[in-house]
Amino acid sequence: MIDIIRMVFTPKYLAMAVAITGVMLFGLLLLSEFLFLEPYVIGHVPPGTEAGFILIILIAALSGFVIPMNIYRIAMLSTSKTRMGGGLVGTIVGTAAGACSCGPVGFAIISTFGSVGSAASSFLTNYEIPIRIAALCILVFTIYTTHRSLKTECSIR
């Protein structure tokens, strides 16, 4: 695993990882109402929501780790004759599942659909933590499959 990390995370891909983690963290914290921009930039973690906060940080960090690995994999294997699997799909699904509780924006969009929107909003609110845990599992599985494919396709031993 260390060889793959050294191979992939050159300064260019390391900067990409830091940028992706920062953007994901800012967006998810803003959407989940842990970060407020008005009247001042302030962060607040209400009691009882610590698990959701930690899961958001983990999702952002893993996304920042997985996406550059997959971009590197696509760049290196685009000229190769070997077939490439769908590791990027897992990244997208995991990231989207991590943003399941969209705060007031999500409620405004979902409420336009009437009772179906109310049921969807209730589902997302009640199962926010399990959905984020599932997103983490998807991201960890994507790391595993991307690492395995880079190890075999780039012949790293």
What pairs come up if the first residue lies in segment 61-82 and is modelled with pLDDT under 85, the second is surrounded by fewer than 10 Cβ atoms within 10 Å (Cβ to Cβ) and not in a helix (DSSP H, G or I), and their beta carbons are under 9 Å apart, counting only those six or more places apart or on different chains?
LEU77/ARG83
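For segment 1-30, enumerate the residues that are among the hydroxyl-bearing types (Ser, Thr, Tyr) and within 20 Å of the chain's Cα centre (by Cα).
Here is the first cut: in segment 1-30, the ones among the hydroxyl-bearing types (Ser, Thr, Tyr) are 10, 13, 21.
TYR13, THR21 - these are the residues of segment 1-30 that are among the hydroxyl-bearing types (Ser, Thr, Tyr) and within 20 Å of the chain's Cα centre (by Cα).
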Out of GLY94, GLY117, report the one residue that is open to solvent by less than 30 Å² (accessible area, probe 1.4 Å), modelled with pLDDT under 60 and in a helix (DSSP H, G or I).
GLY94
Scanning segment 27-50 for residues that are assigned to a helix (DSSP H, G or I) and over 21 Å from ASN70 (Cβ atoms), the one modelled with the lowest pLDDT turns out to be LEU31
Find the residue count for segment 1-26, including only residues that are in a helix (DSSP H, G or I) and surrounded by 15 or more Cβ atoms within 10 Å (Cβ to Cβ).
10
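The values are calculated or read from the model by the stated rules, or taken from the named source; none is laboratory data. If you're wondering where the values come from, they're calculated on a predicted model, not measured in any experiment. Cβ atoms come from the backbone with ideal geometry, glycine included; neighbour counts cover every protein chain shown. The protein model used for the area step is the full one, side chains on, heavy atoms only, and it has no ligands, DNA or RNA in it. Shrake-Rupley method; radii C 1.70, N 1.55, O 1.52, S 1.80 Å.
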